[in-house]
Amino acid sequence: MGMDSEKNSLCRLQCSYASLDEVFEIGKETYRGQQYSQIYFARLHLMRTLLYSLVSQWKPQTPVCTVLGLEQGKECVIVGTLYKHMKLKPCILDEYSKERSAVPLVRPHNFMHDDDYLVLEDESGRVKLGGDLISPSVFVTGIVVALHGKETGAGDFSVLEVLEAGLPPQIEFPLKSREDKYIVLVSGLNVGSSDSNPLQLQLFIDHITGHLGDEKEQSIASQIVHVVIAGNSIGIPRGLVNGQNLASKDLSRIAEPIKELDILLNQIAAGLPLDIMPGPNDPANFSLPQQPLHRCLFPGSAAYNTFRSCTNPHSFEIDNIRFLGTSGQNVDDLEKYSDAKDKLEFMERTLRWRHIAPTAPNTLGCYPYTDSDPFFIESCPHVYFVGNQNKYESRVIKAGSEGQFVRLISVPKFSESGVAVVVNLRDLECHALSFGTQFSS
Amino acid sequence: MASVSGNMKGFYRQKKSNTKSSKKASAKSGAAQPTALVSHGDDYSACEAMLRQFDMNMAYGPCAGMTRTARWERAQKLGLNPPQEIEKLLKSGKVQNESLWDGRI
């Protein structure tokens, strides 16, 4: 850069950054043998308090009662946690079942069935939900809702209307016109796996660090202020981690992908701030919230103050714009137990339910919190992203009592698609950045 | 098990052959009480009885797997206004901090 003394050397733009991941860090929690009933109680209490305040405006005339206090034929509002009974959901007790024929031999990817039904539970009891209004295909276990309806003669609760918690309040989007600043979201690098293309990844890194192209392209790259890697950065060959003792040559094979990743991240961190989140295939803990990948895995990159290892889910603020994202586990789990037209619809539902991962701890691994539920969304993000999806999709939704708007982004797996997502901080417009390595034969 | 010979009435005993009553039998309603319903012989005071009521109160959530102090603090944190007497009892240190199910389930 010292050669061009006549021209102004390009400087990368800066942004302010604040991490909000403290709620997802488990360091302060201790495990004393508690079970998951505690987190369900914390979730129910937290959301019921919220829903009670909304119910008084939603149905001011209708009495609110507990499940056990239901009287037949009397219209009332009940608040509780939904439980979806699913016929095809794998159950540990199937092993002991005498009727082998009831268990399908081939495990379906989606466990929905026409006979699934919903049940509402609170501390006092549970009641089966009936009526056409509430569709089991949309809801999953773990959501807290308020229902208006009445108990039928058969003992079911016939639902007339459903009230979800809705989008949480949002901080104001900074509106003053500014320059274009971009944040790049990428996921599923799968370094070290046979599917990943090292050249494609190197092209990506060279582009965002400004080592590619002419001055025009470099000036575009200089507007990129931040990079977030949303999980599955490492692809350790599955055959090596099956619980057997490894020969010494295999031990070094396990470390190769991580070393390679460190070299790549070093190149990025030398140029601009980088956040790396753990994903389902990364060497981090299994249950949500996944803790940050350890610094010792990145001896080269961790020396930079631009390198940040973050939790999954990851919540942060850049230039007073709030971001919230996960590496995909929450939406992938919803896909197994419910139906929607696309991944963005699942994401929208999690915002409306005000909970990032309602299926935790039922079907998604989760830490057994006792007095709080960190997946409850306190403040509505401006950008909500989910990593490791099959394709790039994006949409803006405008919903909620205050007209909150959120840019929803489904970030595809880079190793399969070669696509990263770029978001403009000025107006939250986003586009795909794709890299290909086709050689003309 | 006794071999079934002839008389079925003899096989199914109509009353307990063991006439020794347990220490607490005088406090309970009859000698033929099934042992499952009799208290396990632990002598619990009025303080412990009050703490057990606190354990069983559903408003403060499940009690299994948490110490009583932690559960009281959680109730306080969630704004449920747990009674102050319970906190005083727990702080005095003369009572058991584990819930009544500890070690039993």
Report relative contact order for the stretch A:345-407 in percent, whole number only (criteria: Cα-Cα under 8 Å, sequence separation at least 6). 29
Quick check: pseudo-label points 7 Å beyond the Cα along Cα→Cβ at B:MET58 and A:ASP180, how many nm apart are they? 5.9
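What is the sum of charges, Lys and Arg at +1 and Asp and Glu at -1, for the other residues whose Cβ falls under 11 Å from the Cβ of B:PRO82? Intermediate results must be reported in sequence, preceding the final value.
Details: positive: B:ARG68, B:ARG71, B:ARG74, B:LYS77; negative: B:GLU73, B:GLU85, B:GLU87.
The answer is +1.
Across every pair of different alpha-carbon atoms, what Kirkwood hydrodynamic radius in Å does the protein assembly as shown reach?
On the way: mean 1/r = 0.0366 Å⁻¹.
After inverting the mean inverse Cα-Cα distance, the result is 27.3 Å.
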Once all Cα-Cα distances of the stretch A:5-90 are split into 10 Å bins that start at 0, what whole-number percent is in each one? 11, 23, 23, 18, 11, 6, 6, 2, 0
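Apply the a/c threshold of 1.5 to the C-alpha gyration tensor of the stretch A:329-404 and tell me whether it is rounded, prolate or oblate. Mind showing how you got there, number by number?
Details: a/c = 2.00, a/b = 1.17, b/c = 1.71.
Verdict is oblate for the stretch A:329-404.
Please work out the FRET efficiency for the pair B:LEU80 and A:ASP427, using the Cβ-Cβ distance as r and a Förster radius of 56 Å; give the result to the nearest 0.05.
Values: r = 45 Å, r/R0 = 0.80.
Once the sixth-power term is evaluated, E becomes 0.80.
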Which of A:LEU288, A:LEU68, A:LEU272 fluctuates most in a GNM of chain A (C-alpha springs under 10 Å)? That residue is A:LEU68
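Would you mind getting me the FRET efficiency between A:ASN390 and A:SER9? Use the beta-carbon distance for r and R0 = 56 Å, nearest 0.05.
Working: r = 41 Å, r/R0 = 0.73.
It comes to 0.85.
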Normalised by the residues of chain A, what does the relative contact order come to in percent, with Cα pairs under 8 Å and at least six apart? 20
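Report the gain in length on full extension from A:VAL64 to A:SER219: 0.36 nm times residue separation, minus Cα-Cα distance, nm rounded to one decimal.
Details: separation 155, 0.36 × 155 = 55.80 nm, distance 6.00 nm.
Stretched out fully, the A:VAL64 to A:SER219 stretch lengthens by 49.8 nm.
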Can you list residues from other chains, or at least 5 along the same chain, whose modelled amide H is less than 5 Å from the amide H of B:GLU98? B:ARG68
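Do the sum for chain A: with -39,500 (n - 2.57) for every DSSP H run of n ≥ 4, divided by all residues, what is the mean residue ellipticity at 222 nm, to the nearest 500 deg cm²/dmol?
Working: 7 runs with 85 residues, N = 441.
Calculated from helices alone, the mean residue ellipticity at 222 nm is -6000 deg cm²/dmol.
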First select every other residue whose beta carbon is under 13 angstrom from the beta carbon of A:ASP115; then total the charges, Lys and Arg +1, Asp and Glu -1. +2
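Would you mind finding the longest exposed-site-free stretch of chain A, with exposed trypsin sites (Lys or Arg not before Pro) meaning DSSP loop and at most 10 other Cβ atoms within 10 Å? Write out the running numbers ahead of the final one.
Numbers: sites that count: A:LYS7, A:LYS28, A:LYS98, A:LYS176, A:LYS341.
Answer - A:177-340.
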Net charge within 13 Å of A:GLY231 by Cβ-Cβ distance, Lys/Arg positive one each and Asp/Glu negative one each, not counting A:GLY231 itself? -2
The set of residues whose placed amide H lies less than 5 Å from the amide H of A:GLY130, leaving out same-chain residues fewer than 5 positions away, is A:PHE157, A:SER158, A:VAL159
Which of A:ALA146, A:LEU160, A:LEU133 sits closest to the plus end of the dipole of the stretch A:126-167, meaning its Cα is farthest towards the positive end, when Lys and Arg get +1 and Asp and Glu get -1 on the C-beta? A:ALA146
For chain A, with a Gaussian network of springs between Cα atoms less than 10 Å apart, report the residue from A:SER410, A:SER248, A:SER379 with the top mean-square fluctuation. A:SER248
Relative to the longest principal axis of chain A, what angle (0 to 90°, nearest 10) does the C-alpha long axis of helix A:37-58 take? 80
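FYI, it's all coordinate maths here, none of it is from the lab. A quick note: this is a predicted structure, and the numbers were derived from the prediction, not measured. Please note: Cβ atoms are built from the backbone with ideal geometry, for glycine as well, and neighbour counts cover all protein chains shown.
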